[in-house]
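What follows is a short report on a single structure.
The values are calculated or read from the model by the stated rules, or taken from the named source; none is laboratory data. Because the structure is a prediction, the values reported are computed rather than measured. Every residue, glycine as well, gets a Cβ built from its backbone with ideal geometry; the counts of neighbours run over all protein chains shown.
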Amino acid sequence: MLDNNWAINLGITFTVTFVATFAATPIVANAMRSRGITGVDIHKKSKTKVPEMCGLAVLIGLAIGTIVYCLTMPLAVREATAFIGTVLIAGAIGIIDDLHPLGARTKPLLTALACVPILVLGTYVPYPDIPFYGTVRLTIVYPILIPIAIAVTSNSINMMDVMNGSMPGTVAIITFAMLGILLWASELRTASLASGLLAAMLAFFYFNRFPSRVFGGDTGSLSVGAALGALAILGRIEAVTVVALIPHIMNSFYGLSSVRGLRERREILQRPTELLDNGLLRASNQKGAPVTLARLILAAGPLGEKDVVRAMMILTAVSSLLGVFTYWIMVSVK
Amino acid sequence: MKRILPLAAIEVFVWFVLLLITFVISKEAIEISFGTATLVERIATQTVRLLVSATLILVWLLAWKKVADLYLSRMLFHHGTNA
């Protein structure tokens, strides 16, 4: 099958990934629960124990979806291998981090290495498009920026995975916008891969939404973040992705700057939010507490966890729309 | 949800400043050139372009942080949750 069958291809990738992730999530959850790999849902009075590391189901779904994609579109094997290779390496780092927490500096360094398949297979174009300018020649610098990009996206998504459904919900919105832009840009091969990520996120959101029955863990968040970064590079939509990720960058950048540097979240003793007796959350009033997106949302008064996540998703929808608008500006100025 | 509006406004502000900075980068930083004849010249050109752009991006991040800090302190003060 060739590029002219892209709509069927995109549909197949979406469906297969969705079904595989949806089927794998409860199986992975049961396996984790039986092994005692669980985490406490800290934003609930009941302190429920929820199976951790279920992001493994996302990895399984994406891997199956990508294999099927390669079978239906053999010409895109190189891009697909670079994409899934990056996702799997980031996922492996996530697994290590979930089982034996990594240091605050080690994690970003290791996630930067996830870009190796992109570099080795040469599936990047060192001429990124910048608004108002057009294409910029960065043949020497661009390969150096790739590991940074993967480390930033994976760790930003990781830092957003703090409440029920916040990670898959916001990433699904961003991926939907990216899919639209990739189709608009006629980057059909990358669009098919984006449809796989969208499907995996929708399937995982079903289980991870409030009240969560599964937690993705760092396995899920690091791999999903790396997937976003890989899509941005493969599809040549770097600038647009930065705009769509504004809430996530906001969350991680404020968090890091307020605690003065790279710190593992387990090292930060003061929480950005507090759980009230009535089950609502409120912004911490401690001066040294990290400034996160959740704290900014809650600064206007207490809210339930579900409403905080809804606010995060609305803000992500706004930034994704700005991303689409940015692409429109880029196309118009060209 | 009324509380989202100011945060969405911060997003739009951040986006607008980002576009403004890319405009400045496209008009000034990208024009910096030390020649392209040798590898050293090419590396010097791209490094200086990158440094200038990185500085402008740092300004963008600082402006972003200032606005968010202002929002947070005001909201915590108005809603009586300040320490």
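Note on region A:97-122: residues that are without any contact (Cβ under 8 Å) to a residue 60 or more places away in the chain, under 24 Å from A:Val50 (Cα atoms) and within 18 Å of the chain's Cα centre (by Cα) total 0.
Per-residue answers, yes or no, for (1) surrounded by fewer than 16 Cβ atoms within 10 Å (Cβ to Cβ); (2) hydroxyl-bearing (Ser, Thr, Tyr); (3) at the interface with chain A (Cβ under 10 Å from one of its Cβ atoms):
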{"residue": "B:Val12", "(1), (2), (3)": "yes, no, yes"}
{"residue": "B:Phe23", "(1), (2), (3)": "yes, no, yes"}
{"residue": "B:Glu28", "(1), (2), (3)": "yes, no, no"}
{"residue": "B:Thr38", "(1), (2), (3)": "yes, yes, no"}
{"residue": "B:Lys66", "(1), (2), (3)": "yes, no, no"}
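Evaluated against (1) in a helix (DSSP H, G or I); (2) touching a residue at least 12 places away in the same chain (Cβ under 8 Å), A:Asn164 falls short on exactly one condition, (1).
For region B:1-10, which residues satisfy the criterion of being more than 7 Å from chain A (Cβ to nearest Cβ) and not hydrophobic (A, V, I, L, M, F, W, C)? Result: B:Lys2, B:Pro6.
Just one of the numbered conditions (1) assigned to a helix (DSSP H, G or I); (2) surrounded by 13 or more Cβ atoms within 10 Å (Cβ to Cβ); (3) more than 7 Å from chain A (Cβ to nearest Cβ); (4) hydrophobic (A, V, I, L, M, F, W, C) is not true of B:Phe34: (1). Of the residues A:Ala104, A:Ala112, which is among the aliphatic types (A, V, I, L, M), surrounded by 15 or more Cβ atoms within 10 Å (Cβ to Cβ) and in a loop (DSSP other than H, G, I, E, B)? Only one candidate passes the filter, namely A:Ala104. All told, A:Ala289 falls short of being at pLDDT 85 or above, within 25 Å of B:Phe16 (Cα to Cα) and within 11 Å of chain B (Cβ to nearest Cβ). For beta carbons closer than 7 Å, sequence separation of 6+ or different chains, a first residue in region A:48-63 that is without any contact (Cβ under 8 Å) to a residue 24 or more places away in the chain and a second that is of a type outside the set (Phe, Trp, Tyr), the qualifying pairs are A:Lys49/A:Thr38; A:Lys49/A:Val40. Taking the residues in region A:21-31 that are buried (at least 21 other Cβ atoms within 10 Å of the Cβ) and touching a residue at least 60 places away in the same chain (Cβ under 8 Å) as candidates, determine which candidate is nearest to the chain's Cα centre (by Cα). Among them, the one singled out is A:Thr21.
Selection within region A:301-311: residues that are in a helix (DSSP H, G or I) and more than 9 Å from chain B (Cβ to nearest Cβ). The member of this set that is nearest to the chain's Cα centre (by Cα) is A:Val309.
Residue selection: A:Ile60 satisfies the criterion of being more than 21 Å from A:Met163 (Cβ to Cβ) and hydrophobic (A, V, I, L, M, F, W, C). Of B:Ala63, B:Ala44, B:Ala8, all but one fail to be of a type in the set (Gly, Ala, Ser) and out of contact with any helix residue (DSSP H, G or I) (no Cβ under 9 Å at 6 or more places or on another chain); the exception is B:Ala44. Might you check whether a residue that is in contact with a Lys or Arg (Cβ under 6 Å, 6 or more places away or on another chain), facing chain B (nearest Cβ under 7 Å) and either surrounded by fewer than 19 Cβ atoms within 10 Å (Cβ to Cβ) or of a type in the set (A, V, I, L, M, F, W, C) (or both) occurs anywhere in region A:312-328? No, that holds for no residue.
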